[in-house]
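The values are calculated or read from the model by the stated rules, or taken from the named source; none is laboratory data. Please read these numbers as outputs of a predicted model, since none were measured by experiment. Counting neighbours? That spans all protein chains shown, and the Cβs are built from the backbone with ideal geometry, glycine included. The accessibility values were calculated without ligands, DNA or RNA, using every heavy atom of the protein model including side chains. Shrake-Rupley method; radii C 1.70, N 1.55, O 1.52, S 1.80 Å.
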Amino acid sequence: MAIPPLRVAVVARAAAPLHGAGGLERSVGDLVRHLAAREVQVTLITPPPTSVMPSGSDPFGSPFIELRQVPYLTFPFANRRGTTVIDRSTAYLLYGERAGRLAGDLVSSGEADIVHGFGASVLGYARRRPPRQAPLVLNPQGLEEFGATLESPPFLKNLGYAPLRWAVRRCARAADCIISTDAALDTTVQRHLHPRPGQMRTIPNAIDLAHVTSLAGPAEGAILRQRMGIGADEFVLLSAGRLEHNKGLDVLAEALRRLSQPGEPLAAIAWRWVVVGGGPFRPAIERAAEQAGIGARVMMAGAAADPDLHAWYEAATLFVHPTRYEGSSLVTLEAMAHRRPVVASRAGGLPDKIRSGHNGWLAEPGDADSLAAALRDAISARTRLAEMGARGRVIVEDEFSWSTIVDRQIGVYRELLDAFEPSRRL
């Protein structure tokens with residue numbers, strides 16, 4: 001007897017390439033593509049695209065992926081969809097109610113066997129599961145609405161996120177499985193979502209190594225250095241991501257100030273700090289650099305298309321991610337895939353990726369002293385950085401590549417379906 005194909009409804013507020021290339025977008029887009037590569041039939045429920053797509057184009061190019069769009073109605077004073085506290089606690093919840101109901105309709109009509117939701121995007125399914133239920137898998141991502149790794153989130157931000165926290169907890173109670181995206185985040189998920197025994201699984205976010213490798217190599221990095229007037233021997237510190245307060249780049253500016261003083265390691269070498277990305281915190285970073293007296297050493301490269309971003313990884317000597325809190329940090333995995341050693345904060349899932357003294361160094365979040373010490377060690381280890389970067393690539397290959405992670409995710413789907421339908425053997 002032929003085994004019916006596995007059908008998964010993936011629900012999210014954003015997915016690459018439809019809505020840009022942030023961490024959530026890439027996680028969702030990669031999951032969908034790699035499920036389809038295993039001939040899993042995926043219905044992707046998202047808002048209409050915000051990125052410019054060529055007329056008549058198929059963004060995924062797979063017969064196993066069907067797109068279903070649910071409008072995302074942004075409220076007044078929350079005009080940056082999905083990026084503000086106001087939006088995430090108002091418009092996002094309305095979207096999650098509607099998108100979750102659509103997932104329920106697919107289940108009721110026999111078009112979906114599994115519902116896999118990201119954050120509160122499946123609120124409507126969690127609240128109104130249809131009589132013919134399908135297992136619900138919840139991926140809560142970085143849990144920023146709970147303060148994530150911050151000990152004391154700002155009062156107003158914490159208050160503003162209260163509706164979203166309620167929604168995510170409601171989805172967690174209804175879920176048959178809650179995904180923790182790193183072992184280092186297990187405790188955070190347990191503290192905020194209170195999973196039942198056996199409800200949580202740890203499945204890391206991953207990257208597509210073949211795609212990353214195809215975007216840029218050493219030649220592209222060398223060409224970019226030449227084009228930007230960066231000497232072949234200059235020590236290039238690279239930071240990348242959306243420019244927001246939580247990324248800690250102001251802390252990095254202060255750490256670099258300290259390391260530029262007479263007798264410190266940066267005072268004796270040619271160096272540059274390159275910041276790739278756009279966002280509301282850019283003026284604050286520029287001010288912090290000027291106040292630190294390192295403005296002439298800083299290059300604000302702005303938002304970059306994937307080929308340019310990956311060429312920057314290749315052009316860099318060291319990747320620095322001084323975030324105050326974090327989910328999984330795909331940019332860190334990408335830097336490691338390009339064989340770059342990393343200095344990062346001991347936040348979110350980063351300790352699962354960075355092993356101090358092996359492929360990089362860890363510092364305490366928001367602590368300029370700790371970050372300066374880690375950077376001092378990295379700069380002093382210049383002769384070993386290539387070796388350490390190679391170790392980082394091996395970590396990605398063994399533990400954080402989609403070719404491995406997608407099979408673990410499908411295994412969870414199978415396990416849940418067997419519990420729901422013991423007669424079905426996938």
Expressed in square angstrom to the nearest 10, the accessible area of T323 with a 1.4 Å probe stands at 0 Å²
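Between beta-carbons, use under 11 Å as the cut-off and find the net charge around G248, counting Lys and Arg +1, Asp and Glu -1.
Details: positive: K247, R324; negative: E244, D250, E254, E326, E364, D367.
Around G248, the surrounding residues sum to -4.
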What spacing in nm lies between the two simple spin-label points modelled at R408 and Q190, each 7 Å away from Cα in the Cβ direction?
1.7 nm
Please calculate the 1.4 Å probe accessible area of H211, with all protein chains present, and give it to the nearest 10 Å².
80 Å²
Could you work out how much longer the chain between S109 and R127 gets when fully extended? Use 0.36 nm per residue separation minus the Cα distance between them, nm to one decimal.
4.7 nm
For the modelled label position 7 Å from the Cα of E415 along Cα-to-Cβ, which residues of the stretch 157-192 have backbone nitrogen atoms closer than 19 Å?
172-191
Going from most exposed to least, what order do R258, R128, R340 have by accessible area with a 1.4 Å probe?
R128, R258, R340
For the stretch 189-250, with +1 on Lys and Arg beta carbons and -1 on Asp and Glu, the positive-most of P204, A216, H245 along the dipole:
P204
Simple SL model, points at 7 angstrom along Cα→Cβ for A390 and Q261; separation in nm is 3.7 nm
Quick check of the Kirkwood formula: for the stretch 225-353, what is the inverse mean of 1/r over all pairs of different Cα atoms, in Å?
14.8 Å
Descending accessible area (1.4 Å probe), largest on the left, turns S356, S370 into S356, S370
As a test question: what accessible area, to the nearest 10 Å², does R408 have when a 1.4 Å probe is rolled over all protein chains in place?
110 Å²
For mean projected area of the Cα convex hull in nm², the choices are (1) 37.3; (2) 22.9; (3) 20.9; which was calculated from the structure?
(3)
Using the alpha-carbon atoms, what tilt in degrees (0 to 90, nearest 10) does helix 218-227 show relative to the longest principal axis of the chain?
60 degrees
Could I have the simple spin-label model distance between S356 and Q69, label points 7 Å from Cα toward Cβ, reported in nm to one decimal?
5.0 nm
Hey, if we sort L193, L159 by accessible area with the 1.4 Å probe, largest down, what's the order?
L159, L193
Once Lys and Arg are counted +1 and Asp and Glu -1 for all other residues with Cβ under 12 Å from that of T43, the total becomes -2
Would you look at the GNM of the chain, springs on alpha carbons closer than 10 Å, and say which of Y325, Y313, Y72 moves the most?
Y72
